[in-house]
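Quick notes on the structure that follows.
The values are calculated or read from the model by the stated rules, or taken from the named source; none is laboratory data. If you're wondering where the values come from, they're calculated on a predicted model, not measured in any experiment. FYI the Cβ positions are ideal-geometry reconstructions off the backbone, even for glycines, and counts take in every protein chain you see. Each accessible area value is taken on the protein alone, full model and side chains, heavy atoms only, with ligands, DNA and RNA left out. Shrake-Rupley method; radii C 1.70, N 1.55, O 1.52, S 1.80 Å.
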Amino acid sequence: MRLSDLLSRAPEPTATRVEGFLDDRALKWGKHKKIKVGKVFHNFHCKTCNDQRTFESGDELYCLGLGDHAVSIDATLRCTACQSSVETWFLVASNDNIAGFAPEVRIERYTENLRDRAEHIGETAGQFADLVRRAHVAYDAELGAGSMVYLRWILESITYEVAEIAGIPTKGKKGGRVPFKDLLERVNEQRRIIPQRFSSNGYKLFGELSDVIHGNSTEEEALKKFKPCLQLVLGVVEEVNRDNVFAKAIDELGWGVDDIDEIAGEAS
């Protein structure tokens, strides 16, 4: 396997044996070298094209020596359709001499600078897109608890916004906030913001996020939970978006809510 194949799978951390890329000569600390290891490919949603595109690097990558066991690699990737560019950075390490003939290497850290030109495929659009991006940045920097803060922020925000739209009280009789568990249940009963597959576990998701934020999980555990929790939170956002799209379609057709209820009743 060539090093470019491993870099194209980032942030996959599995150690893999690759063809030597330093010509059996140690790259001293702080020294730069251009290396030819094949092109790096990553798929993103290109904002200019407004579609999923493959971004590719040039034929040469820039490598910085960090000692006998690690190198830093920079790569600029360009959209194959419109040439918009983003930057990527890899910290590649090996337990053996990284300048060897066929070193076993792993990606210890991977960072992207998408510069508002691209976004991760499947990333939500709309008002929560920025929070999702921030969560990704925290995750890429290996800040597990920090990434979960943004996910909980999204879940809380969307629940309170839907409650306000639906006229569901968010404050109790004494003026204090309704406990979030109760509010989430009331909102879901009226607007079904929790996807059907885990509708009975909506508050459990909030509990998972809170446990991490309150220090009841290690950073390693938080990083492992990030991606599944992200998918569940995005599921809530998509459910609400679907509801809004449906409501907009009803308004544009000039149908009233009572008409919809009547039609649904006749159909059942």
Quick check on Val92: is it under 16 Å from Leu232 (Cα atoms) and either polar (S, T, N, Q) or open to solvent by less than 60 Å² (accessible area, probe 1.4 Å) (or both)? no
Looking only at residues in region 175-200 that are polar (S, T, N, Q) and within 24 Å of the chain's Cα centre (by Cα), which one is modelled with the lowest pLDDT? Ser199
So Glu219 ticks every box in (1) touching a Leu at 6+ places or on another chain (Cβ under 8 Å); (2) open to solvent by 50 Å² or more (accessible area, probe 1.4 Å); (3) at pLDDT below 85; (4) not aromatic (Phe, Trp, Tyr) but one. Which box is left unticked? (3)
Among the listed residues Lys47, Lys39, which satisfies the condition of being in contact with a Lys or Arg (Cβ under 7 Å, 6 or more places away or on another chain), of a type in the set (Lys, Arg) and closer than 23 Å to Asp140 by Cβ? Lys47
From the list Ile165, Ile154, Ile121, which residue is among the β-branched types (Val, Ile, Thr) and over 18 Å from the mean Cα position of the chain (by Cα)? Ile165
Could you list all residues from region 209-223 that are among the charged types (D, E, K, R), within 11 Å of Met148 (Cα to Cα) and touching a residue at least 60 places away in the same chain (Cβ under 8 Å)? Glu219
Filter result (open to solvent by 30 Å² or more (accessible area, probe 1.4 Å) and either touching a residue at least 12 places away in the same chain (Cβ under 8 Å) or among the acidic types (Asp, Glu) (or both)) within region 166-187: Ala166, Thr170, Lys181, Asp182, Glu185, Arg186
How many residues of region 115-141 are at pLDDT below 85 and part of a loop (DSSP other than H, G, I, E, B)? The answer is 9
Among the candidates Phe21, Phe44, residue that is open to solvent by less than 40 Å² (accessible area, probe 1.4 Å), among the aromatic types (Phe, Trp, Tyr) and farther than 21 Å from Glu112 by Cβ: Phe21
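Test Glu208 against the criterion of being assigned to a helix (DSSP H, G or I), in contact with a Cys (Cβ under 9 Å, 6 or more places away or on another chain), more than 20 Å from Asp243 (Cα to Cα) and open to solvent by 30 Å² or more (accessible area, probe 1.4 Å), and give yes or no. Break it down stepwise before answering.
Working: assigned to a helix (DSSP H, G or I): yes; in contact with a Cys (Cβ under 9 Å, 6 or more places away or on another chain): yes; more than 20 Å from Asp243 (Cα to Cα): yes; open to solvent by 30 Å² or more (accessible area, probe 1.4 Å): yes.
It is true that Glu208 is assigned to a helix (DSSP H, G or I), in contact with a Cys (Cβ under 9 Å, 6 or more places away or on another chain), more than 20 Å from Asp243 (Cα to Cα) and open to solvent by 30 Å² or more (accessible area, probe 1.4 Å).
Take Leu230 and decide whether it is over 21 Å from Ala163 (Cα atoms) and either modelled with pLDDT of 70 or more or in a helix (DSSP H, G or I) (or both). Quick ask: steps written out before the conclusion?
On the way: over 21 Å from Ala163 (Cα atoms): yes; either modelled with pLDDT of 70 or more or in a helix (DSSP H, G or I) (or both): yes.
Yes; evaluated as a whole, the condition is true for this residue.
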